[in-house]
1. Could you give the dipole magnitude of chain B about its Cα centre, charging the beta-carbon of Lys and Arg +1 and that of Asp and Glu -1, in debye to the nearest 20?
2. Quick check on the protein assembly as shown: of the DSSP beta bridges with both residues there, what percent are antiparallel, nearest 5%?
3. Per residue of B:375-384, what is the mean number of Cβ atoms on other protein chains within 10 angstrom of that residue's Cβ?
4. What spacing in nm lies between the two simple spin-label points modelled at B:Arg191 and B:Val32, each 7 Å away from Cα in the Cβ direction?
5. With a Cα-only, solvent-free Debye model of the protein assembly as shown, what are the log10 I(q)/I(0) values at q = 0.11 Å⁻¹?
6. With +1 on the Cβ of every Lys and Arg and -1 on the Cβ of every Asp and Glu, and nothing else charged, how large is the dipole of chain A about its Cα centre, in debye rounded to the nearest 20?
7. Viscosity 0.890 mPa s, temperature 25 °C: give me the Stokes-Einstein translational D for the range A:92-236 in µm²/s, with Rh taken as the Kirkwood radius over C-alpha pairs.
8. Write out the chymotrypsin sites (Phe, Trp or Tyr not before Pro) in the range B:157-195 meeting two conditions: DSSP loop, and at most 13 other Cβ atoms within 10 Å of their Cβ.
Amino acid sequence: MLLEIDDITLHYGRIQALHGISLHVNEGEVVALIGANGAGKSTIMRAISGLRAVSSGAIRFNGEDISKVRADLRVARGICQAPEGRGVFPGMSVQENLEMGAYIRRDSAAIAQDMERVFGLFPRLLERRKQAGGTLSGGEQQMLAVGRALMARPKLLLLDEPSMGLAPMIIQQIFTIITEINQQGTTVLLVEQNAQQALSRAHRAYVLETGNIVKEGTGADLLHDPAVKAAYLGVA
Amino acid sequence: MTTETVKKQRWKLNLRDRFQDMPKPARIAAMVVFVVLLYLLPTKAFYENLGFPIPMGSGYLPLYTTGSDMAGVLFQCGYYILLALGLNVVLGYAGLLDLGFFGFFAVGAYTVALLTSPESKLITEYNWLESPWPWLLTVPIAIALAMLSGVLLGWPTLRLRGDYLAIVTLGFAEIIRIVAKNQDWILNGDRGIPSVGHPPGTWPDGEPIFELEFTPYYWLVLTVIIGVIFLIRNLANSRVGRAWVAIREDEDAAELMGVPTFKFKLWAFAIGAAIGGLSGSLWAGQANFVNSATFSLENSILVLAAVLLGGAGSIGGAILGGFLVIYLPEWLRSVGDVFGWPTQVQVGNIHIDVSPTSLRFVIFGALLIVVMIYRPQGLWPNRRRAAELKDRQKEVAPVE
Ligand SMILES: Nc1ncnc2c1ncn2[C@@H]1O[C@H](COP(=O)(O)OP(=O)(O)OP(=O)(O)O)[C@@H](O)[C@H]1O
Ligand SMILES: [Mg+2]
């Protein structure tokens, strides 16, 4: 088990956002997390990457409890998140953004190689290499955010709504790339509104409702689950 | 022709780009000439020939200051430039709003004063010191103490996001001033500390270099500024500098990239404070006398204005800003002399002081507002920051 979340709770001030979440991600998997707006999906991501401290429970990565470890040190252990709402550095060029992604690494030859790989995955970024991140289109920023997260060579890649605000064509592309990244050896935990795509791509998935996990199963199972169909796939 | 090439050509007109396009030896030569001119600046024969001819009237408008000693004004510009360079690291690079930056200047100045003055209470009352220390020895201590106070202030506040830092730093500067004013214990209140030590060195004829004459102090501060510029440039281009940019642009994202944000914010704060303390120790070395009246809140605001006016995040901007906030009022005063601007007007039986010196905050307020409207990135902006600013404006007021 690469990641194991054991009964975590998390509070924003006095509001409790997570009520005892447990989930796990095995090495080599793509795991999807679906749920309505405000269910707590991003909050789980923040808890894993360390942007927010959990109130109780444990987060084990490769067997080590990292719930008290600083966010930047979790990156060093191999967890990297592409945040919701992209979070590209607006004043840095595309290339500088990617270099920031590799901030914790010092193997410059391998970094250059990985940058070529990202440009291979996202040729659009290569065209825009010198352009400032803040002036990219929404879709391009999303590509940059995913590419930048890859630059850290994470063992576990956290993607928070990578398809947000993208045209259907591009969504297809992004998911194809996620599958590709996964096949190249990166484990992926994926938050998605686009349940159809997410469930059909994921090995396993969890359904989240108001801070609780209410269902889990393989992607295919959940895709055919009547309740999930009604709530998240827009089919009665 | 594509719009891109048109844009490129327009950029070429920009002075900075033209400078960048020059071959390297030419660039270095130009810099050397410029620096030599800077060292010559307080030479009377030199600066008296600088100025503009007045188109209509007779004669010419001097660039030097008639109201006060040119070298003195330049020295004052110098330590403000240092202050602006220090605040630029904090505000311009790391994006941290420090409203009490002059507090570090005060720490530096008081440290030097306490250790170098024979009338310091450390010697006369507490017997902590046998005799006054030489100025040069106290400068590193002043820097270290300023840095330490920066770390002590930053430690609890830099973990928090938001405006806490602005409030705490504002309080810090005021506390130093008020304690200095009201405490007889060591800083000696308004009576202050006299006979502060000067930098070392004698002319060949045995006369001390650093006494009442301002010119050597100007040379000293100019040399220090050049050193600090090299230091900051190297920092800005290092991993530390990249981390600062990331923190300033998006702190969460920076953390997700593995940047230890707290550590680097603390570094920015400490380095800025150290430069502020250095500036204070240089000033004290010249001032002879240090008391609390020097450290009013206005000075912190003036330094902040310097950085914003010049362009946060840009070394050139900090220098230009620091220079302008001191030089401009002094120069306006001499312009006032040339045109016969009155220093006072009488309305009824109230005398109103209208000398450019006392109006300088009015003038700066107006100038700042104008600059912030038409050139929010400052007079000599950092390009990256200009892009960030555009990005933020997009969020505030979407175009279309
Ligand atoms: N900084 C915060 N302060 C207070 N409450 C917060 C904060 N961030 C999130 N919340 C609350 O926590 C709950 C979960 O939020 P979260 O962002 O995890 O939802 P989400 O599942 O990612 O939703 P979406 O699909 O809209 O992105 C929401 O009720 C939200 O209002
Ligand atoms: Mg979310």
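Please treat every number below as a calculation from the coordinates, not as lab data. In this text, all values refer to a predicted model and were calculated from it rather than measured experimentally. No Cβ is skipped: glycine too gets one built from the backbone with ideal geometry, and neighbour counts run over all protein chains shown.
1. Using Cβ point charges on Lys, Arg, Asp and Glu, chain B gives about 1560 debye.
2. Values: 31 of 50 bridges.
Roughly 60 percent of the beta bridges in the protein assembly as shown run antiparallel, per DSSP.
3. For peptide B:375-384, the averaged partner shielding equals 1.
4. Distance between label points: 5.5 nm.
5. At q = 0.11 Å⁻¹ the computed log10 ratios are -1.10.
6. Using only the charged Cβ atoms, the result is roughly 520 debye.
7. Rounded to a whole number, D works out at 150 µm²/s.
8. Taking the range B:157-195 and a limit of 13 other Cβ atoms within 10 Å, the loop chymotrypsin sites (Phe, Trp or Tyr not before Pro) found are B:Trp185.
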